[in-house]
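**Student:** Below you will find the structure I want to go over with you.
The values are calculated or read from the model by the stated rules, or taken from the named source; none is laboratory data. Keep in mind the model is a prediction, meaning the values are calculated, not measured. Cβ: placed from backbone, ideal geometry, glycine included. Neighbour counts: every protein chain shown. Ligands, DNA and RNA are stripped out before the accessible areas are found, and what is left, the full protein with its side chains, is counted by its heavy atoms. Shrake-Rupley method; radii C 1.70, N 1.55, O 1.52, S 1.80 Å.
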Amino acid sequence: MSIKVSMTVNGKPVSAQVEERTLLVTLIREELRLTGTHVGCDTAQCGACTVHMNGKAVKSCSMVAMQAEGANIVTIEGIAAADGTLHPMQAAFKENHGLQCGFCTPGMVMNAIDLAKGNPNLTETEIREGLEGNLCRCTGYHNIVKSIAAGAKAMAK
Amino acid sequence: MNAPLIGARIERKEDYRFLTGAGQYTDDVTLPGQTHAVFVRSPHAHATLKSIDKSKALKAPGVLAVFTGEDLKVGGLPCGWLITDVNGQPMKEPVHPSLAQGKVRHVGDQVAVVIAETLDQAQDAAGLVEVDYGVLPSVTSTDKARAKGAPQLHEIAPDNTCYVWAIGDKAACDAAFSKAAHVTKLDLVNNRLIPNAIEPRAANGMYSRADDSYTLYVASQNPHVERLLMTAFVLGLPEHKVRVVAPDVGGGFGSKIYLYAEDVVVTWASKQINRPVKWTCERSESFVSDAHGRDHVTTVELAMDKDGKFLGMRVKTTANVGAYLSTFASCVPTILYATLLAGQYTTPVIHCEVTAVFTNTVPVDAYRGAGRPEATYVVERVVEQAAREMKLDPAEIRRRNFIKTFPYQTPVALMYDTGDYEATLSAAIKMADVAGFPARRKASEAKGKLRGLGYAAYIEACGIAPSNIAGALGARAGLFEAGEVRMHPTGSCTVFTGSHSHGQGHETTFAQVVADRLGLPIESVDIVHGDTSKILFGMGTYGSRSIAVGGTAIYKALDKIIAKGKKIAAHLMEAAETDIEYDRGVFKVAGTDKQKTIGEVSFAAYVPHNYPLDKLEPGLNENAFYDPTNFTFPAGSYVCEVEIDPDTGVTKIEKFTAVDDFGNIINPMIVEGQVHGGLTQGIGQALLEGCKYDPESGQLITGSYMDYTMPRADDVPNYQVDTRVTACTHNPLGVKGCGEAGAIGAPAALMNAITDALQVYGINDLPMPASPQTVWKTIQNAKQKKAA
Ligand code: FES
Ligand code: FES
């Protein structure tokens, strides 16, 4: 059965007709064509689909679109400033070579921003544990950890 | 003039789009009239197809077509390398159909495709395709494939044998063993891995009636090769009517080199329904359809004199190729494996015999390292074990046997051009603070823990070449690369490369090479890759070949740009061409202060008002094909230190040090990133990852991220990496390649460290992955044995 959902995505009100079973990530990618949010698995374990819902990082593949009714959703496309200037966390990934193929990157950045909020001095262990839900096959995590530590500091400035 | 760009840590040009969600991966491409495909796959390891009833599926809402092997009568998926058996016979090449013909041979084998208006509709209808299977007994394990009475996969391959192949002088090797003071022997298993690029494979085929042409968007590492194989061998289409685009690709590690059935099916089907057809692999589907890696069972023997000098090595390997031969499956356990068995050592005679077997498993092909991790694992495990048996320090036994003079001809075909193995080993030992290890071991023991240290000194062969020799060895394709440099009238530059970047950062590294030589700011150089309609040709990216082969092709095109530029500059400055000197973007008349920049020369080439039109064509656009004269030979030394809790079996990597020689380095930041990623995959193999099939049912037991353990951030340490440089002698950049090193060296270093820690129990081997359960069990068994 098709139903109507409404929410705010990257600051703009949106509504769409979806199926009850339509996942939030499908709404974001297919209906809204915001393809920066990726799908890397079917068991909610890779984190490539991470977005912010009401300020918290969530895996958009593990909830249906209906659950986001009325919510404030931010995707990777909504993170940089309006003039295109990178968010400090995005900039930190660039400076520290925290990405290679870029496929896990949107989810990593979204999760990292949530982790870093109010935690400018994240330790290596905190970061590594905080990345438990995000897989990267390219970087070996070394530079992602470095990026997040630097990004957290930069965010506090 | 700008600062030198070669060797500079330049932030990547491609990062902005990836960081802002603006990357364009295959699944992000949605075409007008888009339809969606879902494959019906075999739930059985081995079965006959008695009947397929698609009537219910065809009636389901939104369904446009259902196709089976009955509909798709085209050529089989080809294998790109012919291996000749020890008896002089060609390897057995069973047909590899894109949709099953009468039989399925592994769980996940594709049986039918359902195409519908929406993905949900296609998924729902796929469940309505009724397939009647006649289930057959199956064999999945490498060492049981040739057992008496084992189920047979292909009529043309008796005993499930694809080939038995050998390299080296057997008689000379046996003679060396007869003189040995000591022989060390190990039985080793190189565990099967599943590549797991985080972007699942995807393909979107589109047919145009207007000009009878096809476009295929596909997550591929080598779009031209994909097009060549698909048009020439499978669909019989004219190559110029097919465009293959590999846009942003989310990691490959080998698994996206091959021509896959799904790519063929969506391309073919787009004409049948005259609509674009998109298929995106689900993760659980990728576990049973992406080519797997490794899966060797090996016995190795190393003969030494009384001082630990290697006299000879004998290796016998059985390699599992899976149910069918994937694109490069045949050359991985032979040409890319046995030729590396000399390692960094002067072992004078080596003999290796490889038996490749078919089993009811997903096809196995090149996965990061491809044959070379398997070779390094054999060599470096047996060398470390030999040191233990000879009571020699493991660094010392390596030093006694290092190759020290170059070029060096190994007994297994390769000719190493350059290297300095002592330099990387001693640097690694220092960086890893091996001197402090005994104290750290004591400290661990005081806590009831075990500490171990292990080495691996690997050699790699990258940029497989030259084409004519490879051809004589069975390659069915060329191994060159193509590049094109296009100067624009206003002095900026677009470069087209046949290499493909799926994380390696070519848009930056290659731009550094070009901008440096042309004296341009890096912003003025863009790299284009991954589209057969834009790039003249390409062999793509695999085997760490991009900078050495693709980079050199670009360099050769730059030679031509500069040569033509000199002619133009000579005309502009009214000087003799022989008097023109070129340095990083500036053409000078020797001995004068007259000069023209590359920008001015470019402008003159496109606005040829003052130009030698009678002698020279306008324009400044050059291309080059480069076929290397030899492989490149990166090498390095890795030192791994672990702490094991004997009560839980948990292994913690305390320190991992890697010192590599990749030749000259263009962008150290990117190179370090490649090493980190490779190391993590190597550590994954040794500690976490292992593909398991149920021996009875042939079902894949590790078919999702719940069961197949991927390395996560808290499984791996911070790495200590460094490089030493001996420049490659046969390419102008002096580069060797760095993409696979980490995955090649890490497993042996880690397993050597673990077995070092377990020496107290007399444990010299345990299977990979050395999971806590495996380590704990191995300890318990050893304790019981001791007690008995
Ligand atoms: S796609 Fe959501 S966790 Fe993998
Ligand atoms: S950068 Fe490729 S998966 Fe993380």
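**Student:** Yes or no: the range B:202-215 includes at least one residue that is closer than 24 Å to B:Ile115 by Cβ, in contact (Cβ under 8 Å) with a residue 24 or more places away in the chain, within 16 Å of ligand 2 (Cβ to nearest atom) and in contact with a strand residue (DSSP E or B) (Cβ under 8 Å, 6 or more places away or on another chain).
**Tutor:** yes
**Student:** For the subset of the range A:17-37 comprising residues that are part of a strand (DSSP E or B) and either within 12 Å of chain B (Cβ to nearest Cβ) or crowded, with 17+ Cβ neighbours inside 10 Å (or both), which member is nearest to ligand 1 (Cβ to nearest atom)?
**Tutor:** Selected residue: A:Leu23.
**Student:** So, in the range B:13-40, exactly how many residues are in a loop (DSSP other than H, G, I, E, B) and more than 8 Å from chain A (Cβ to nearest Cβ)?
**Tutor:** The total comes to 6.
**Student:** Still on this structure: Checking the conditions here, which among B:Arg283, B:Arg314 is on the phi < 0 side of the Ramachandran plot, charged (D, E, K, R) and within 16 Å of ligand 2 (Cβ to nearest atom)?
**Tutor:** B:Arg283
**Student:** Filter the range A:38-81 for residues that are within 16 Å of ligand 2 (Cβ to nearest atom), of a type in the set (Val, Ile, Thr) and not in a strand (DSSP E or B) and give the result.
**Tutor:** Passing the criteria: A:Val39, A:Ile76.
**Student:** How many of the residues making up the range B:465-522 are out of contact with any Ser or Thr (no Cβ under 6 Å at 6 or more places or on another chain), more than 14 Å from chain A (Cβ to nearest Cβ) and of a type in the set (Gly, Ala, Ser)?
**Tutor:** Adding up the residues that qualify gives 13.
**Student:** Right, another one. So, B:Glu374, is that one charged (D, E, K, R), modelled with pLDDT of 95 or more and under 27 Å from the mean Cα position of the chain (by Cα) or not?
**Tutor:** yes
**Student:** Something else: Taking the stated definitions as given, is B:Glu507 charged (D, E, K, R) and either open to solvent by less than 30 Å² (accessible area, probe 1.4 Å) or in contact with a Gly (Cβ under 7 Å, 6 or more places away or on another chain) (or both)?
**Tutor:** Answer is yes for this residue.
**Student:** Go through the range B:616-641 and give me each residue that's outside any strand (DSSP E or B), open to solvent by 10 Å² or more (accessible area, probe 1.4 Å) and at negative phi. It would help to see each step written out before you state the result.
**Tutor:** So in the range B:616-641, the residues outside any strand (DSSP E or B) come out as B:616-620, B:627-631, B:633-634.
When the remaining residues are screened for being open to solvent by 10 Å² or more (accessible area, probe 1.4 Å), the result is B:616-619, B:627, B:629-631.
If the condition is that a residue be outside any strand (DSSP E or B), open to solvent by 10 Å² or more (accessible area, probe 1.4 Å) and at negative phi, then B:Leu616, B:Glu617, B:Pro618, B:Asp627, B:Thr629, B:Asn630, B:Phe631 are the ones that fit.
**Student:** For A:Gln67, state whether it is open to solvent by 30 Å² or more (accessible area, probe 1.4 Å), at the interface with chain B (Cβ under 8 Å from one of its Cβ atoms), touching a residue at least 24 places away in the same chain (Cβ under 8 Å) and within 16 Å of ligand 1 (Cβ to nearest atom).
**Tutor:** For A:Gln67, the condition - open to solvent by 30 Å² or more (accessible area, probe 1.4 Å), at the interface with chain B (Cβ under 8 Å from one of its Cβ atoms), touching a residue at least 24 places away in the same chain (Cβ under 8 Å) and within 16 Å of ligand 1 (Cβ to nearest atom) - is not met.
**Student:** Still on this structure, I have one more. Hey, which of the strands (runs of 3 or more DSSP E) in the range B:171-222, taking only ones fully inside, have at least 1 residues that are in the same structural domain as B:Gln685 (by TED's automatic domain parsing) and touching a His at 6+ places or on another chain (Cβ under 9 Å)? Walk me through it before giving the result.
**Tutor:** Numbers: elements: B:182-190, B:202-208, B:213-218.
In the range B:171-222, there are no strands (runs of 3 or more DSSP E) which contain 1 or more residues that are in the same structural domain as B:Gln685 (by TED's automatic domain parsing) and touching a His at 6+ places or on another chain (Cβ under 9 Å).
**Student:** Look at A:Glu126 and say whether it is at pLDDT 95 or above, open to solvent by 10 Å² or more (accessible area, probe 1.4 Å), more than 10 Å from ligand 2 (Cβ to nearest atom) and facing chain B (nearest Cβ under 9 Å).
**Tutor:** On the way: at pLDDT 95 or above: yes; open to solvent by 10 Å² or more (accessible area, probe 1.4 Å): yes; more than 10 Å from ligand 2 (Cβ to nearest atom): yes; facing chain B (nearest Cβ under 9 Å): no.
Here the answer is no, as A:Glu126 does not meet what is asked.
**Student:** Additional query: Quick one: how many residues across the range A:94-108 are assigned to a loop (DSSP other than H, G, I, E, B) and either at the interface with another protein chain (Cβ under 7 Å from one of its Cβ atoms) or open to solvent by less than 10 Å² (accessible area, probe 1.4 Å) (or both)?
**Tutor:** Residues in the range A:94-108 being assigned to a loop (DSSP other than H, G, I, E, B) and either at the interface with another protein chain (Cβ under 7 Å from one of its Cβ atoms) or open to solvent by less than 10 Å² (accessible area, probe 1.4 Å) (or both): 8 in total.
To keep it simple, each residue is scored yes or no on (1) open to solvent by 10 Å² or more (accessible area, probe 1.4 Å); (2) part of a strand (DSSP E or B); (3) touching an Asp or Glu at 6+ places or on another chain (Cβ under 7 Å).
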| position | (1), (2), (3) |
| --- | --- |
| B:Glu643 | yes, yes, yes |
| B:Glu654 | yes, yes, yes |
| B:Thr657 | no, yes, no |
| B:Asp660 | no, yes, no |
| B:Ile665 | yes, no, no |
| B:Gln674 | yes, no, no |
| B:Leu679 | no, no, no |
| B:Gly682 | no, no, no |
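**Student:** Ok, one more. Of everything in the range B:230-247 that's in a loop (DSSP other than H, G, I, E, B) and closer than 21 Å to B:Ala210 by Cα, which residue is least open to solvent (accessible area, probe 1.4 Å)?
**Tutor:** B:Leu237
**Student:** Condition test on B:Pro711, is it over 28 Å from B:Ala387 (Cβ atoms), more than 12 Å from chain A (Cβ to nearest Cβ) and modelled with pLDDT of 95 or more?
**Tutor:** When the stated conditions are applied, B:Pro711 does not pass them.
**Student:** While we're looking at this one, here's another question. When you scan the range A:75-87, do you find a residue that is within 16 Å of ligand 1 (Cβ to nearest atom) and open to solvent by less than 40 Å² (accessible area, probe 1.4 Å), even just one?
**Tutor:** Yes, the conditions are met somewhere in the range A:75-87.
**Student:** Being of a type outside the set (A, V, I, L, M) and within 13 Å of chain B (Cβ to nearest Cβ) is the requirement here; does A:Gly118 meet it?
**Tutor:** On the way: of a type outside the set (A, V, I, L, M): yes; within 13 Å of chain B (Cβ to nearest Cβ): no.
Spelling it out, it is not the case that A:Gly118 is of a type outside the set (A, V, I, L, M) and within 13 Å of chain B (Cβ to nearest Cβ).
**Student:** Identify, from the list B:Val95, B:Val131, B:Val74, B:Val104, the residue that is open to solvent by less than 20 Å² (accessible area, probe 1.4 Å) and away from chain A (no Cβ under 14 Å).
**Tutor:** Going through B:Val95, B:Val131, B:Val74, B:Val104 in turn, just one is open to solvent by less than 20 Å² (accessible area, probe 1.4 Å) and away from chain A (no Cβ under 14 Å): B:Val104.
**Student:** Looking for whichever is crowded, with 19+ Cβ neighbours inside 10 Å, closer than 30 Å to B:Asp15 by Cβ and more than 16 Å from ligand 1 (Cβ to nearest atom) here; the options are B:Asn190, B:Asn160, B:Asn204, B:Asn196. Which one fits? Quick ask: steps written out before the conclusion?
**Tutor:** On the way: B:Asn190 fails: closer than 30 Å to B:Asp15 by Cβ; B:Asn160 fails: closer than 30 Å to B:Asp15 by Cβ; B:Asn196 fails: more than 16 Å from ligand 1 (Cβ to nearest atom).
Matching residue, one of B:Asn190, B:Asn160, B:Asn204, B:Asn196: B:Asn204.
**Student:** How about the range B:766-788: which of its residues are under 16 Å from B:Leu450 (Cβ atoms), of a type outside the set (Gly, Ala, Ser) and in a loop (DSSP other than H, G, I, E, B)?
**Tutor:** B:Leu766, the sole residue that qualifies.
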